[in-house]
Amino acid sequence: MLKKTIKFDDFDGNSVERDYYFHLSKVDLTQLELAYFGYGGLEGYLKKMISERKIAEVFEAIRKIVLTSYGERDDVAMAFIKQRNGAPLYEVFAGSPAFDVLMLELMAIDEDKQQAAALEAFMEGIMPRDRETKKE
């Protein structure tokens, strides 16, 4: 689970700093991996799209990852809540200035090195702690 502090200006121009939570369960991760199976999974897809400079595809994949991983931490229930009253919480987040700031941060790709440091840190932070790692 990743706790990310995001600074943004609200709709009235006030500077705001809030904490947001992101997490992929093993089921979420499996769904994402299967969606990009033909590319060697999610990581393979992102690397290929970044290397080919297919920015629209990278943007849409990152957007999907962010929205899939967004939720609220409930320490009492020891759960990560992604829906309330049948509605996904990401819908509200997607309409917030914080979402804009986060997406622009994650899309910052070093053109020369084809690295996306913020994206890599975000991805590492949202992964299940006890996920199986690929053996090389």
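Only lysine pairs 8 or more places apart or on separate chains count here, and in the chain those with Cα atoms under 15 Å apart total 6. The residues neighbouring Lys48, those whose beta-carbon lies less than 15 Å from its own, together hold a net charge of -2 under the Lys/Arg +1, Asp/Glu -1 convention.
Here the sum of -39500 (n - 2.57) over DSSP H runs of 4 or more residues, divided by the residues of the chain, equals -13000 deg cm²/dmol at 222 nm, to the nearest 500.
Along the positive direction of the dipole of segment 23-126 (beta-carbon charges: Lys, Arg +1; Asp, Glu -1; about the Cα centre), which of Leu106, Leu42, Val27 reaches farthest? After comparing all options, I get Val27. Of the trypsin sites (Lys or Arg not before Pro) in segment 18-93, the ones in a loop by DSSP (not H, G, I, E or B) with at most 11 other beta carbons within 10 Å are Arg53.
Between amide H atoms placed 1.01 Å from N, distances below 5 Å from Tyr20 occur with Lys4, Thr5, Ile6, all of them 5 or more places distant or on a separate chain.
Over segment 23-126, what is the relative contact order in percent, taking alpha-carbon pairs closer than 8 angstrom and at least six residues apart? Averaging sequence separation for qualifying contacts and normalising by length gives 21 percent for segment 23-126. What's the FRET efficiency of Val16 with Phe37 using the Cβ-Cβ distance as r and R₀ = 35 Å, to the nearest 0.05? About 0.35, to the nearest 0.05. Using only side-chain charges placed at the Cβ, +1 for Lys and Arg and -1 for Asp and Glu, the dipole size of the chain relative to its Cα centre rounds to 440 debye. Stretched out straight at 0.36 nm per residue, the stretch from Arg84 to Glu120 would grow longer than its current Cα-Cα span by 10.0 nm.
Every number here is computed from the coordinates shown, using simple stated rules; none is lab data. Owing to the predicted nature of the structure, the values given are computational and were not obtained by experimental measurement. Neighbour counts are summed over all protein chains in view; Cβ atoms, including those assigned to glycine, are modelled from backbone coordinates with ideal geometry.
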